[in-house]
1. Among the residues of segment 68-88, which ones are assigned to a helix (DSSP H, G or I) and either within 16 Å of the chain's Cα centre (by Cα) or among the β-branched types (Val, Ile, Thr) (or both)?
2. The conditions are (1) touching a residue at least 40 places away in the same chain (Cβ under 8 Å); (2) in the same structural domain as Thr21 (by TED's automatic domain parsing); (3) closer than 20 Å to Gly19 by Cβ; (4) not aromatic (Phe, Trp, Tyr), and Val109 fails exactly one of them. Which is it?
3. Name every residue in segment 206-247 that is in a loop (DSSP other than H, G, I, E, B) and small (Gly, Ala, Ser), in order of residue number.
4. So, in segment 99-141, of the ones that are touching a Ser or Thr at 6+ places or on another chain (Cβ under 7 Å) and surrounded by fewer than 20 Cβ atoms within 10 Å (Cβ to Cβ), which residue ends up nearest to Glu5 (Cα to Cα)?
5. If we scan segment 142-159, do we find a residue that is over 28 Å from Leu98 (Cβ atoms), assigned to a loop (DSSP other than H, G, I, E, B) and among the hydroxyl-bearing types (Ser, Thr, Tyr)?
6. If you scan segment 207-241, which residues turn out to be of a type outside the set (D, E, K, R) and either surrounded by fewer than 16 Cβ atoms within 10 Å (Cβ to Cβ) or in contact with a Pro (Cβ under 8 Å, 6 or more places away or on another chain) (or both)?
Amino acid sequence: MTLKEFFIQHPKAALAFSGGTDSAYLLYAGLACGADIRPYYIKTSFQPQFELDDAERLADQLGVKLTIIELDVLSHDGIKANPANRCYFCKKMLFTALQNRAKADGYPVLLDGTNASDDAADRPGMKALCELSVLSPLRLCGLTKDEIRKRSQEAGLFTWDKPAYACLATRISTDCAIDEETLRNVEASENTLSRLRFTDFRVRVFHGAARLQVPQSQMETAVRMADDIKKFLRPYFDTVLLDLNGR
């Protein structure tokens with residue numbers, strides 16, 4: 001099946017739009033195929049501000065209205081407690097809210113940006129999407145991440161080379177409860193490292209300390225800038241560690 005064939009079968013659909021490479025290309029492709037596709041962004045404390053900024057920028061580039069839904073994910077005990085299957089509870093909550101809103105807006109079909117490179121067996125959230133009958137056109141059409149990046153670049157989408165990004169909750173170890181302050185400190189720390197020109201890194205929480213994971217190619221720079229990094233992250237974490245295994 002091609003995306004053109006998919007959108008002939010599903011000419012009107014709502015899209016869970018994150019502002020990332022996959023959902024950005026799916027939105028572009030749906031519009032290019034003449035579908036009535038409406039993007040929805042779910043804003044929670046798990047998403048950093050730059051993701052919403054990118055989603056709004058891409059929607060503006062494509063000339064479509066972005067609908068924003070705000071949810072308090074930490075009001076759900078199964079999410080806040082951060083068990084191994086937290087992603088299942090989170091996806092179920094988010095996509096149920098999105099599905100209800102989309103149906104109220106006249107969009108009975110809900111899509112997401114899961115692609116053919118994603119390992120369904122390693123993603124608890126996929127179970128929730130399946131239960132809610134969410135369709136994944138990129139996966140159904142066999143489009144891999146590399147192919148999506150290539151097509152996105154050809155289409156002139158600024159998201160074509162955007163690094164994959166997991167939500168802020170993934171920075172906190174399983175079974176350690178999640179709170180708003182820790183999420184804000186992680187986001188602020190990662191914003192700081194971005195301004196210091198680090199890329200494709202993570203700031204993970206380890207017993208109250210910030211554990212930095214940077215690519216091996218940036219390890220020497222991180223060591224050289226250790227004093228600056230500690231100084232700039234001190235408002236958020238008293239202790240900063242560098243993971244020598246890298247990312």
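The values are calculated or read from the model by the stated rules, or taken from the named source; none is laboratory data. All of these numbers come straight from a predicted model, not from anything done at the bench. Neighbour counts are summed over all protein chains in view; Cβ atoms, including those assigned to glycine, are modelled from backbone coordinates with ideal geometry.
1. Val73, Ile79, Arg86, Cys87, Tyr88
2. (3)
3. Within segment 206-247, Gly208, Gly246 meet the criteria.
4. Cys141
5. no
6. Here is the first cut: in segment 207-241, the ones of a type outside the set (D, E, K, R) are 207-210, 212-219, 221-223, 225-226, 229, 232-233, 235-237, 239-241.
Across segment 207-241, the qualifying residues are His207, Gly208, Ala209, Pro215, Gln216, Ser217, Thr221, Val223, Ala226, Pro235, Thr239, Leu241.
Listed here are the residues, each with its yes/no results for (1) β-branched (Val, Ile, Thr); (2) within 25 Å of Ala35 (Cα to Cα); (3) assigned by TED's automatic domain parsing to the domain that holds Phe89.
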{"site": "Pro124", "(1), (2), (3)": "no, no, yes"}
{"site": "Leu132", "(1), (2), (3)": "no, yes, yes"}
{"site": "Ser136", "(1), (2), (3)": "no, yes, yes"}
{"site": "Leu140", "(1), (2), (3)": "no, yes, yes"}
{"site": "Arg149", "(1), (2), (3)": "no, yes, yes"}
{"site": "Cys167", "(1), (2), (3)": "no, no, no"}
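Let's see how each residue does on (1) in contact with a Ser or Thr (Cβ under 8 Å, 6 or more places away or on another chain); (2) over 17 Å from Asn115 (Cβ atoms); (3) assigned to a helix (DSSP H, G or I); (4) in contact (Cβ under 8 Å) with a residue 40 or more places away in the chain:
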{"site": "Phe6", "(1), (2), (3), (4)": "no, no, yes, yes"}
{"site": "Gly19", "(1), (2), (3), (4)": "yes, no, no, yes"}
{"site": "Leu27", "(1), (2), (3), (4)": "no, no, yes, no"}
{"site": "Arg38", "(1), (2), (3), (4)": "yes, yes, no, yes"}
{"site": "Tyr41", "(1), (2), (3), (4)": "yes, yes, no, no"}
{"site": "Ser45", "(1), (2), (3), (4)": "no, yes, no, yes"}
{"site": "Asp53", "(1), (2), (3), (4)": "no, yes, yes, no"}
{"site": "Glu56", "(1), (2), (3), (4)": "no, yes, yes, no"}
